[in-house]
Every structure is written in structure tokens, then in C-alpha cells.
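Okay, structure first, notes after.
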Protein chains: 4
Amino acid sequence: MSFSWPVRVYWEDTDAGGIVFYANYLKFFERARTEWLRELGIGQQALRDEVGGMFIVSATQVQYHRPARLDDLLLVTARVLEAGRASLTIEQRALLHPPDEGMPPLLLCEGTIRIGWVDVRSLRPQRIPAPVLEALQGRA
Amino acid sequence: MSFSWPVRVYWEDTDAGGIVFYANYLKFFERARTEWLRELGIGQQALRDEVGGMFIVSATQVQYHRPARLDDLLLVTARVLEAGRASLTIEQRALLHPPDEGMPPLLLCEGTIRIGWVDVRSLRPQRIPAPVLEALQGRA
Amino acid sequence: MSFSWPVRVYWEDTDAGGIVFYANYLKFFERARTEWLRELGIGQQALRDEVGGMFIVSATQVQYHRPARLDDLLLVTARVLEAGRASLTIEQRALLHPPDEGMPPLLLCEGTIRIGWVDVRSLRPQRIPAPVLEALQGRA
Amino acid sequence: MSFSWPVRVYWEDTDAGGIVFYANYLKFFERARTEWLRELGIGQQALRDEVGGMFIVSATQVQYHRPARLDDLLLVTARVLEAGRASLTIEQRALLHPPDEGMPPLLLCEGTIRIGWVDVRSLRPQRIPAPVLEALQGRA
């Protein structure tokens, strides 16, 4: 099972092609990852203050299949693909919420995001705190 | 009574000062205006397709009182301050949703946004469609 | 005399209206302010490291006259309108660089940005460091 | 030989981690691609008006090696990796411009961007206009 988060397309997300600017799907993906962590009891600002660490993105890979437009409602999913000691690979999708009840959601884009855990000050890689890893692996 | 919309602060919204980048409040304000219009039955993409017109921002004025940070939950309000035939002035506020139930929300920033109605192709000013104006003035 | 900085319009700056998204002029204004400070020998990252302070925007006010489009070349100006001990008001304009040599630049938008000096950690207002104020006032 | 374009890091590009927000490298890459096309005599707004087509990004893949910070000066490169009839794969890098003359630039991030040519209205894939392909292949 993957986590899913609704994202509405506003003017700020679009470009002169009339569609969502492709770089913005990375923002949508991150909103979904953040809400997923929050649902698992993991607050990033709190972790930063208490543990002195934070997640940092080390690689992204995205395929764009169909464009989204102003006012579209997307569903953005997140699930753990691989979990190591210092980094995680998350699989994510953006789907168009179907206007009609009976229709399936349409895949707009999909990708994988690799995130590592680093010390806030030095930005050096560190082990992901155990409670974070345990909470996430319940989702693998 | 003013309309109110929740906005969560993500990494994308912050800057190296550790706070929300001030230009992004204009995005938050617009999300609230869009959802307010949607609640009133006004879809901007639909209006564009059907009437060939769109709202365009002609002036903004914002005062920043207190910063917001990563993971903060904001409430963004919108209400009509002035309504003319071709333009509207909307008053908007961003409040910090209080962490404790008993506390009042904290004012982070406030401003006024003047929006005009223009033809999509020529970008020339036009009269705001009557149904839009009527729906909005019910909120004045 | 005011400082002037060229800004090119890319896809990232536009929205589905086919024009530059209005909030992005605040970014263009800031790029010009930053380059202007740099020209005066003021590096913001260096100041942050050495003095522990930074500029923070406390108020913005912008009027939008004409839209800019993809590939347009803008000239963004900055000059001191008012200088106090703890805050400055900067007047800024975005002009369309004329395609023809003989034509004057076209005013796209203009506004004033008030910036204050704060302690990096507490975000409390402080006096603007004397060398910064002196460098800027040579431009008033 | 690859094309190279300078990009300065401003407040707008950073996040609360104190570094450039990773999604923004896609913007930096696109600025470099746009200036590269412009240098080859290809104006995207002009092509849109005349030919009714535009480039659209169909896949991105980026590895992040080292972070950039406020005020850093980057060099962003672009070169054709593969050229087909309807799509191109561009290899891009962001390098930190060395503060000292004698030092080599430091690789910050690198990736490949696949772009396709589509009809502006239908967003359907089309053959890349011959003059565009010829101009670009001189760079392969």
C-alpha cells in the first residue's frame, strides 16, 4: 500500500505552455513525502531541532507521461522502494483525480527520489535515526 | 465574514534565512482566492474556456509582521474590500494556526491584491462577468 | 542615478496566462537588489557569516502595468528612496528592454520594497551595519 | 565542446537547509538550454508563434553531489547526448565557479533531460523542425 496526498494545480504551478511546469512535480512529490512522514509521526522541523539532522535529496528521476492543467486535482503517492542505513529510495506517482466517479485515475508522471540523512551543520551523511527508519519500513 | 484556507509550509516555501520566502505569500494568497472562487462555484479554467477571460493581478501590497517556518500550518483568508466593474480589491491575511487550542491565531502577514478581468488573447481589460461579480459580492 | 540589472524571462517565470507570473517580479527585484549590493562591495552570505545579520523584507508594494512574456529581456532598477537606521525603502522598476535601438524601454511594473536588518538567529530588528548604510547612501 | 552559462544563486533559490533547493537545478538547466538555443539562433517564443510547436520535457534524471549556497556563482553546461527525430537527450552539469583562479570548477550536480517536440495546441508529439535539429546537431 502506498500513501496518497491530494495536490491542486494553481496558477503558480503552470507555465506559458498552459500546463504544469515539469520541475514543480518535484515539489508535489515532496509535499506528499512530507505529509507521509507527518502521518507516521515524523516532523522534519522537530527532528532538525532535536537530532540536528535532515533529509537531503541525492538523486531524482522522473518520467512525464501526460500534462496537468490549471485547476486539476492530482493525487500524489509515495512508497519506500529501498531502505538503507543512510539513504532511502522512494517511488512516487502523480495521478489525475478522475472527474467522473467511475473512471480510474490517469497516470501523469512517476519517478524515484533518493534521499539521504545528513548532519544539519556539516551536511555530511549520517545514519538515519532508528525511529524514522522503523516508522518508514512499516510502509515498505 | 471572510473565507479561510489552510496552507502548510514545505521546504519549497522556505529560504536560507530559515523562514518562508516573502514572495511566496503571494502564492498562498492566490491559493486561498482560487479556493474561495471555487467554493462560490467559479472555476477559472472553465471560465477561460467558456468566456475567454481571466483574472490578472494589477497591484499587490503586503506587510510582513512575523516569519513562518518549515512545517507551520497557516490559515489564509480572503474577503472583498472593493468591487468595481472591471476590478476587485481583495484583502488577505496569513495567520499561524495556533499549536494550542486555547490560543488565538497569530497574524503573520496581510495585504491587498487588486485583480482585473482581461480578455485571454488581447490581455485588454473587460467587465467582470456578471455571475462572477454576483457570487463574489455575496461575500463583500 | 539608479542601478540596473538585466533579467531574461524563462519558462519557469511564466504562467498559463502566457505571461510572467506576478509574484516573480519580487524575485526579479531581489536579484537586482542583490547585484546592486554586490557592486557596492556587500556580499550577503559573507555578512551573515561575519556579522550574524541579514536583510529581511518587511513590506512590498507593486503595480503591474504591462505583462512580460517568454524570452523577453527586462531591465530591473533599484534605488534608495528612504534610509533609516534599521530599515531601507528601495524603489524598483522592471522595464522591457526595447527590441529596437531607437525605442525607449517600456515600464512593465514598479514598486517599493522595505527591508529591515535582523539578527540571523533571533530575527529581531537591529541597526544596519554602518559600512552597509554608507555604501548604500552613496546611492541615495 | 559543451555550451556553458553562468547562474548566480539568489535567496529565491535556497531553502531552509541553507542550500539550493534541488528542484531549482532543473530551472538552472533550462536557463542554460534556452541560452544555448538562443546562441544557435533558435528563439522559443518565435518558434511557437511561427511553427506552432514547442519543446516539452519528457524525462529528467539528476544526481546531486555537493550543495550550492547563497551568492555562489555556478556554471551550467549543456550538450546533445542523443538526437532523434522527435526527441533529444541533453546532458547537463552544474559546476561551482572556483573562487580562486588556479582551482578547477567543482561538480555540484549532473543529469540528463529528454525533451520532445509537440504541437502547441494538441500537445501531441511531432518531428523537430529541421532547422532546429541541424543547429543543435552541429553541437552533438
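Quick note: the coordinates plus some simple rules give every number you see, no bench work behind them. From a predicted model like this one, the values you see are computed outputs, not experimental measurements. Virtual Cβ from ideal backbone geometry, glycine too; neighbours counted across all protein chains shown.
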Put a point 7 Å out from Cα along the line to Cβ at C:Leu123; what are the distances to that point in the other copies, in nm, shortest first?
2.3, 3.5, 3.7
How high is the FRET efficiency from D:Ala46 to A:Val51, r the C-beta distance, R0 45 Å, rounded to 0.05?
0.30
For the protein assembly as shown: rounded, prolate or oblate by the Cα gyration tensor [a/c cutoff 1.5]
rounded
Quick one: what does P(r) look like for region D:33-106 with 5 Å bins over all Cα pairs, in whole %?
3, 11, 17, 22, 16, 13, 9, 6, 2, 0
Explain nothing, just the number: relative contact order of region B:3-137, from Cα pairs under 8 Å at least 6 residues apart, as a whole percent.
28
Interchain or sequence-distant (5+) residues whose placed amide H lies within less than 5 Å of the amide H of A:Leu106 are A:Leu96
Taking θ = phi - 60°, what integer Hz values does the Karplus form 6.51 cos²θ - 1.76 cosθ + 1.60 yield along region C:57-74, in sequence order, with x for Gly and Pro?
7, 10, 7, 9, 8, 9, 10, 9, 9, 9, x, 10, 10, 3, 6, 4, 10, 9
What ³J(HN,Hα) values, in whole Hz, does the Karplus curve 6.51 cos²θ - 1.76 cosθ + 1.60 give for region D:83-97 when θ = phi - 60°, with x put for Gly and Pro?
10, x, 6, 10, 8, 10, 10, 10, 9, 9, 9, 10, 10, 7, 4
Can you list, shortest first in nanometers, how far D:Asp49 lies from the same residue in the other copies, with each label 7 Å from Cα toward Cβ?
2.9, 4.6, 5.3
Computed from the beta carbon distance with a Förster radius of 25 Å, FRET efficiency for C:Ala86 and B:Glu91 to the nearest 0.05 stands at 0.35
Can you work out the FRET efficiency for the pair B:Glu134 and A:Leu106, with r the C-beta to C-beta distance and R0 = 25 Å, to the nearest 0.05?
0.10
Once every DSSP H run of n ≥ 4 in chain A is given -39500 (n - 2.57) and the sum is divided by its residues, what mean residue ellipticity at 222 nm do you get, rounded to the nearest 500 deg cm²/dmol?
-7000 deg cm²/dmol
Beta carbons within 10 angstrom, averaged per residue: use that to sort the peptides B:26-33, A:119-126, highest first.
B:26-33, A:119-126
How crowded by other chains is C:68-75, given as the mean number of beta carbons from other chains within 10 Å of each beta carbon?
3
Averaged over the residues of A:5-15, the number of partner chain Cβ atoms within 10 Å of each residue's own Cβ comes to 6
Shape call, region A:3-137: gyration tensor on alpha carbons, a/c limit 1.5:
prolate
Region C:1-44 to region D:1-40: how many Å between their Cα centroids?
14
Per-residue Cβ counts within 10 Å, from other chains only, averaged over C:22-29: what number is that?
6
Going highest first, how would you order A:45-53, A:90-98, D:76-84 by mean Cβ packing within 10 Å?
A:90-98, D:76-84, A:45-53
What are the nm distances, shortest first, from A:Pro104 to its equivalents in the other copies, labels at 7 Å along Cα→Cβ?
5.0, 5.3, 6.2
